[in-house]
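The structure appears below as structure tokens.
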Ligand code: SF4
């Protein structure tokens, strides 16, 4: 069959809208699905963050994926392809959370991870017998993750051209997060030989390990960092604040080539953290964590969210003060978003607090629920305010002035130049 895999583009999640001049990451999920496709099929990938999919394209099967904010676009595309009698299969986080909704637009939904399911989907599609739902009985072993098909995308079109995954899942279950629902709470680790073999195919630029918690299994991280060090490649990844319990791993990550870690601080209030299931974040040790990472030569990409129950109008200024004092290198701010499939969604839904069901607004930049500590307008304008303050020249100088590296300085300057334009675009969007 001729198959086309499409990553639908909606309002990009959180600060990716700033675009850094290019889309941030290549579509690793689709590159992995492509790698699972038997060679008798021909396959292409269209990433709509680079180019819009052509609704008149010829294909024998369309495979769609979309984050929640892109679901309306994915459904629109699906409707058009199916009107031309091209079967459409949809996977990814949103369709997995709401398969019945997706099935109003597509022929089949793959719930969860594609490994173990995709070959069956293709066999059924070839025989004209697609089932509506494909759902695995368990999470597939990480050893079944193939090297991604990088030959199907133009790596140069992305800011972080090399993305890979070493692990899947996260041992925690924060209420707003889709990771443990989609990938499970048992961290599955790929065989290190497989990871290194895939890394060996990449060029010399930094690798982004899009793992949700690269130190979530300390034993694995210990061996992984030791062996990755031999590749000579630098990398970025994500880790939870629980790395404070294993400071030796921070040093080891740095020696292995880690240049930046994304850390979900989320809130500077312990009470709010408890409400979102992130009690394990110790706010009294945030400064120490940032200092430890900086001392090891690792930049900190800090994530913070607003609109949590208990947040008031002052939360933006308090958070900005903390981020500047702690010298957070790069900040990602978002409005709490009840993504379908999360515990937060069910909590707000059952309390009757979800007020906006336009999925295109579920990108971390819009208020979609009724906040309690401030009005929706105050929440949205506070979100805009903190981006403007954090990426002002004054704040950049305070935060990164002492430790200028080309990477961190470059990212801050791009934000400084683009953030006003991005926020103006958000203000103009219909609500
Ligand atoms: S620690 Fe991070 S990845 Fe894990 S559940 Fe919480 S937010 Fe999600």
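The values are calculated or read from the model by the stated rules, or taken from the named source; none is laboratory data. Since this is a predicted model, take the numbers as computed values, not measurements. When we count neighbours, we look across all protein chains shown, and the Cβ atoms used for this are built from the backbone with ideal geometry, even at glycine.
On the stretch given as the range 185-195, residues that are surrounded by fewer than 18 Cβ atoms within 10 Å (Cβ to Cβ) and within 16 Å of the ligand (Cβ to nearest atom) total 2. When residue 158 is tested against the conditions (1) surrounded by 15 or more Cβ atoms within 10 Å (Cβ to Cβ); (2) away from the ligand (no atom under 16 Å from the Cβ); (3) at pLDDT 95 or above, the lone failure is (3).
Scan the range 259-281 for residues that are more than 17 Å from residue 323 (Cα to Cα) and surrounded by fewer than 19 Cβ atoms within 10 Å (Cβ to Cβ) and the total you get is 7. Each residue in the range 201-220 was checked for being buried (at least 17 other Cβ atoms within 10 Å of the Cβ) and within 15 Å of the ligand (Cβ to nearest atom), and 9 pass. When we screen 198, 223 for residues that are assigned by TED's automatic domain parsing to the domain that holds residue 166, away from the ligand (no atom under 16 Å from the Cβ) and surrounded by fewer than 18 Cβ atoms within 10 Å (Cβ to Cβ), the only hit is 223. Please determine whether any residue of the range 164-182 is more than 16 Å from the ligand (Cβ to nearest atom) and under 16 Å from the mean Cα position of the chain (by Cα). Yes, there is a match, as at least one residue in the range 164-182 is more than 16 Å from the ligand (Cβ to nearest atom) and under 16 Å from the mean Cα position of the chain (by Cα). Residue 151 meets each of the listed conditions (1) exposed (fewer than 12 other Cβ atoms within 10 Å of the Cβ); (2) under 24 Å from residue 106 (Cβ atoms) apart from (2).
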